[in-house]
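Reviewing the structure listed below.
What follows is calculated from the coordinates using simple rules that are stated; it is not laboratory data. Everything numeric in this text was worked out from a predicted model, so none of it was measured. Virtual Cβ from ideal backbone geometry, glycine too; neighbours counted across all protein chains shown.
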Amino acid sequence: MAATVLESISVPLARHGVGVPSTPRAAAAAVPSVIAYKTTSITPAFKGLRVAGRPLTLSSSVRWSSGRVSRRGAIVCEAQKTAVDVPDVTKATWQSLVTESDRPVMVEFWAPWCGPCRMILPVIAKLSKTYEDKLKCFKLNTDENPEIATQYGIRSIPTIIIFNKGEKKETVIGAVPESTLITSIEKFV
């Protein structure tokens, strides 16, 4: 399982005079049990996240400052294949992927600077997985492919167009709810 470090953190363990051993060796021996208690409460509501500690050595993991003992750790994301990427279509691939497709095709016209485009992309990715045997889903960057956007009369983004046998069949403009897209898709699958 691949893991990705999201953020390095410092986990406070105890305050000076409150259960902190007086010698560094005793502190190092006490840290693992305190870490186990503390780290379970840091990410309880997040599935696929855990706090991963680094090997405990006094030189790198335990730090003494202002009478506090802390251990360096990292929040690690263990989620696998949770994001589905919607493939790009360009002017060069438009004909083979969209107009000559034997299945219905849904294309999102978008741009990287467009906030609503980024909001609807996960919905389109989810729908592409749901309808993967019945519908092809692509995204077209209108900044990089203005000719195609002009050809289909795209005046605002996000605009989603459903093509069937190379013909434009349905247009949905704006960041709409998933149910709106499902209603449009169901007409052609």
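Overview of values
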item: Net charge, PRO112 excluded, C-beta distance under 15 Å - Lys, Arg +1, Asp, Glu -1; result: -3
item: Region 81-169, dipole about Cα centre (Lys/Arg Cβ +1, Asp/Glu Cβ -1), debye to the nearest 20; result: 300
item: Three-way shape label, region 94-186, alpha-carbon gyration tensor, a/c 1.5; result: oblate
item: Among 137-144, 122-129, 157-164, the order from most to least packed when residues are scored by Cβ within 10 Å on average; result: 157-164, 137-144, 122-129
item: Beta bridge orientation in region 94-186: antiparallel %, DSSP, nearest 5; result: 65
item: Difference of contour (0.36 nm per residue) and Cα-Cα distance, ASP88 to THR171; result: 28.0 nm
item: Lysine pair number, Cα distance threshold 20 Å (strictly under), region 94-186, separation 8 or more or different chains; result: 13
item: Environment charge of LYS91, counting only residues whose C-beta is closer than 12 Å and scoring Lys/Arg +1, Asp/Glu -1; result: -3
